[in-house]
Amino acid sequence: MSPTAYLRYPDLHGDLLAFVAEDDVWMAPVAGGRAWRVSAMGLPARSPKFSPDGAGLAWQVVQGGAPEIVTADVGGGNFRQLTFWGSQSTRMKGFNAAGEVIATSSVEQEDSRLRWAFTVPLDGSAPVKLPYGPVETIAEGPAVGDERPMVIGSMLTREQAWWKRYRGGTAGKLWIDADGNGEFERLVPGLDGNLSDPMWIDGRVVFLSDHEGYGNLYSVTPQGTDLRRHTDFDGFYVRHASSDGSRIVFESAGRLWLLPSLDAEAQPLDIVLGSAGTARRPRPLDAARHLADAAPDAGGDASVVETHGTLHWLAHRDGPSRVIEADSAIRARLGRPLGSSRVVFVADHHGEEAIYIKDVFADVAVGSAPDSRPVHDVPAAQPAGGAADDDGLVLPSPVSASGSAVRAAPPGAPKRRSPGQRDRKRQRDRRTSLPAGPGRAAKRYPSVRPGPPEPPSASALSVPPASASWSPAPTASVWAWPPNTAKSLSSTSRRPSCSQLRPRGLEQWISWHSPRTRSGWPGRNRPAPKAGRASGFVPSWMRRRRFLT
């Protein structure tokens, strides 16, 4: 995480610098130092601009779901909203020589990409549309008699840093009215780049262009000659350039830079925010949202989990969790269990990826991997199921298509069953080991208790066949016992009563009627299979998708 804040959209006037950070407008000395907050709205803000006299500051901020132009005094107070367009395309562009805000918006247009320029007075009167058609920006030059030259930027859908080296038909173009007569012509038409942010400095037109691969500051004469380059950034683009007529301030890589003159070198500004840095606070990451992989071990007790370039050993039930690799400077991936306590994974500890093996339960510091070593330092491993080597390295067993581990067993070893097979065997053993009769079965299973000939809540109980008997349990469950078998036919813990229990010999079913209860459930016939049928038969309330009557 960067130790500095991300500063954007700078502008300057005199000794003051305005910019946007943490969704608010800030000001600081141009020489650098501690900044102070101008707005405290916590809403997306953009492009603060000083008024020509330096007394006011205007910017765009989201109000009611759309960006609008607002203004306030530099000294504090007098906050006002100037536009109420409700358009997502509204953009703050600066001030004109008369002290009015220049903004662009597609309000009253049929296409949101057609943004026209408006002058917005600070006294709250209605904005006035300028007759230049759809434009991206407007830059007024120094007055020449009664005329004022002007440069406008044509419609630009994306800035240079978003559309790196774009050369398509909607790339930014500059048009100039050099003598202020209202007729515009193309400025530097032979420059193959994306041109934006025009400014007037010392009689020259300064702009941003990426025709040489990266966005930098260039300038030409009003006639489009004498092209000069004023910055030399080749890693990050120059963005959001602004000027007070003699100096230029811009942003690159989230840091503010100042160009004192066209003949000087750009220098960074040391700005310190007087803020707790809400956007830069450490916060827990959502591991589930960015889960890359989870590889369980052979026993199914834990898994190696990969998320956000880190690896962790997580137990499935109870047990400790361990950090395998969690360093912000290292990316770890493709973690796989290796035996009962080791993990093999890929990491770039030394700038290049290598395979490492680590003992998960070794006493190491969290976030480091001193016990990790490249795989070529570990003796060769034996195939799965073979004898372990001197280092105790055992490769994971192959996994079948059903997901259960297939472990090779030595000859003569007892047969191992899967957990599902063991559960089914225990159920079969329990059924076959029950003694005959309900009384003896209740001794082994206390939840099955023989009771009176009828369930307490039943109105009638028919005589069962000679090979079976019925009895209620404490939860009002009905049980049936053929010889050597005990099987629950129903559980009426949520329905407190039943009546008219009777066997249906031909269909091998037993049905009863459950009357309406205080919960409002209607009475209905509910069937249960007669006990003693095929082994492993699971009772069901449905038969052929209908209740028996």
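Give a quick list of chymotrypsin sites (Phe, Trp or Tyr not before Pro) in segment 44-83 that DSSP marks as loop, anything other than H, G, I, E or B, with at most 14 other Cβ atoms within 10 Å. Walk me through the intermediate numbers first.
Details: sites: Phe50, Trp59, Phe79; in loops: Phe79.
Here the sparse-neighbourhood loop sites are Phe79.
Rounding to the nearest 20 debye, state how big the charge dipole of segment 72-189 is about its Cα centre with +1 on each Lys and Arg Cβ and -1 on each Asp and Glu Cβ.
Working: 13 positive and 15 negative charges, 156 e Å.
About 760 debye.
State whether segment 15-83 is rounded, prolate or oblate according to the following rule on the C-alpha gyration tensor (a ≥ b ≥ c being the square roots of its eigenvalues): a/c under 1.5 gives rounded; otherwise a/b larger than b/c gives prolate, and the remaining case gives oblate. It would help to have the intermediate numbers written out before the result.
Working: a/c = 2.12, a/b = 1.40, b/c = 1.51.
Judged from the Cα gyration tensor, segment 15-83 comes out oblate (a/c at least 1.5, b/c at or above a/b).
Write out the GluC sites (Glu not before Pro) in segment 297-367 meeting two conditions: DSSP loop, and at most 12 other Cβ atoms within 10 Å of their Cβ. Show your work: numbers first, answer last.
Values: sites: Glu306, Glu325, Glu352, Glu353; in loops: Glu352, Glu353.
The qualifying sites are Glu352.
Separation of segment 19-86 and segment 211-245 by C-alpha centroid, Å?
26
Please state the charge dipole magnitude for segment 1-103, taken about the Cα centre, from unit charges on C-beta atoms (+1 on K and R, -1 on D and E), reported in debye and rounded to the nearest 20.
On the way: 8 positive and 9 negative charges, 37 e Å.
Computed about the Cα centre, the dipole is about 180 debye.
Sort segment 53-100 into rounded, prolate or oblate with this rule: let a ≥ b ≥ c be the square roots of the eigenvalues of the Cα gyration tensor; rounded if a/c is under 1.5, and if a/c is not under 1.5, prolate when a/b is larger than b/c, oblate otherwise.
Working: a/c = 2.76, a/b = 1.50, b/c = 1.84.
The shape class here is oblate.
Using the heavy atoms of the protein chains alone and a 1.4 angstrom probe, what is the accessible area of segment 261-322 per residue in square angstrom?
65
For a test of the definition: using alpha carbon positions, the gyration tensor, and the 1.5 limit on a/c, classify segment 200-336 as rounded, prolate or oblate.
Working: a/c = 5.22, a/b = 3.07, b/c = 1.70.
The shape class here is prolate.
Taking loop as defined by DSSP and a crowding limit of 14 other beta carbons within 10 Å, which GluC sites (Glu not before Pro) in segment 81-160 fit? Spell out each step's value before the answer.
On the way: sites: Glu100, Glu108, Glu110, Glu136, Glu140, Glu147, Glu159; in loops: Glu100, Glu108, Glu110, Glu136, Glu159.
Here the sparse-neighbourhood loop sites are Glu108, Glu110.
Between Lys129 and Ala288, what is 0.36 nm times their sequence separation minus the Cα-Cα distance? Round to one decimal in nm.
Details: separation 159, 0.36 × 159 = 57.24 nm, distance 5.11 nm.
Full extension of this stretch gives 52.1 nm more.
Would you work out what percent of the accessible area of segment 222-291, with all protein chains in place, is carbon or sulfur (probe 1.4 Å)? Show your work: numbers first, answer last.
On the way: 2010 of 4170 Å².
Reported share for carbon and sulfur atoms: 48 percent.
The values are calculated or read from the model by the stated rules, or taken from the named source; none is laboratory data. Worth saying up front: this structure is predicted, and the values here are computed from it rather than measured. For neighbour counting, all protein chains shown are included, and Cβ atoms are generated from backbone atoms with ideal geometry for every residue, glycine included. The accessibility values were calculated without ligands, DNA or RNA, using every heavy atom of the protein model including side chains. Shrake-Rupley method; radii C 1.70, N 1.55, O 1.52, S 1.80 Å.
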